[in-house]
Amino acid sequence: MLATDAYVVALRVVHIATGVIWVGSLFVVVVFVQPSAAVLGAAGAPFMSELRRRRFVDVVFIDAVFTVVAGAFLYWHDWHLHPTFGDWMGSSFGTWLTVGALLAISGLVVAGAVTRPTIGRLVSLGKQVAESGGTPPPETAERIGSLQRRLVVAERVSFSLVLLAVVAMASARYL
């Protein structure tokens, strides 16, 4: 017999499964895709364009939203098992889940406010360069390089935040 309601179990499965996909996707991008694309330079552009065409970033972002929304419902549920919010925050479990939640939400904010718009700008510049049929002018090449550096930093920050969120949440019960 389960010690909790079926909807809580379902939310935990959604939260954990989508969280694994989110963190795993960021891991692959930060550790493998970005460094490989950097080494390949212009030769890596078709691969990155194909990822964009397949909406990789959008799918991972939507997955991250599902992770946070399911987590918010679980947080609300667990918080209401305590008499007051102060009691919840006074528990080690509540404190560490709160830390994890804030880290995950911060990672999502970085993805939504920096990563996605930066990729959109890069795609737009890439189309302009392709339509012009040649090498980009120096100012466009400089802008592309600046956006690529910004993207690398944003994805590393986002990955670090969600990885720390996983550590905080996975160990909350034991701290």
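The values are calculated or read from the model by the stated rules, or taken from the named source; none is laboratory data. Values in this document were obtained by computation on a predicted structure and should not be read as measured data. No Cβ is skipped: glycine too gets one built from the backbone with ideal geometry, and neighbour counts run over all protein chains shown.
Gly86 satisfies every condition listed in (1) surrounded by fewer than 12 Cβ atoms within 10 Å (Cβ to Cβ); (2) at pLDDT 95 or above; (3) within 24 Å of the chain's Cα centre (by Cα) except (3).
I want to confirm something. Restricting to the range 28-60 and keeping residues that are aromatic (Phe, Trp, Tyr) and out of contact with any Leu (no Cβ under 8 Å at 6 or more places or on another chain), which single residue is farthest from Val153 (Cα to Cα)?
The qualifying residue farthest from Val153 (Cα to Cα) is Phe56.
Are any residues in the range 12-50 of a type in the set (A, V, I, L, M), free of Cβ contacts under 8 Å to residues at least 24 places away in the same chain and under 19 Å from Met169 (Cα atoms), and if so, which ones? The answer is Val13, Ile16, Ala17, Val20.
Exactly one residue out of Val59, Val39, Val31 is closer than 16 Å to His15 by Cα, loosely packed, with under 15 Cβ neighbours inside 10 Å and either over 22 Å from the mean Cα position of the chain (by Cα) or of a type outside the set (Gly, Ala, Ser) (or both), and it is Val59. Scanning the range 120-138 for residues being touching a Lys or Arg at 6+ places or on another chain (Cβ under 7 Å) and of a type in the set (Val, Ile, Thr) gives a total of 1. Filtered by the rule that a residue be under 12 Å from Ala104 (Cβ atoms) and out of contact with any Ser or Thr (no Cβ under 7 Å at 6 or more places or on another chain), the range 48-69 gives Ala64, Val65, Val68, Val69. Going residue by residue through the range 23-46, is there one that turns out to be assigned to a helix (DSSP H, G or I), touching a Ser or Thr at 6+ places or on another chain (Cβ under 7 Å), of a type outside the set (Asp, Glu) and modelled with pLDDT under 90? Yes - at least one qualifying residue is present in the range 23-46.
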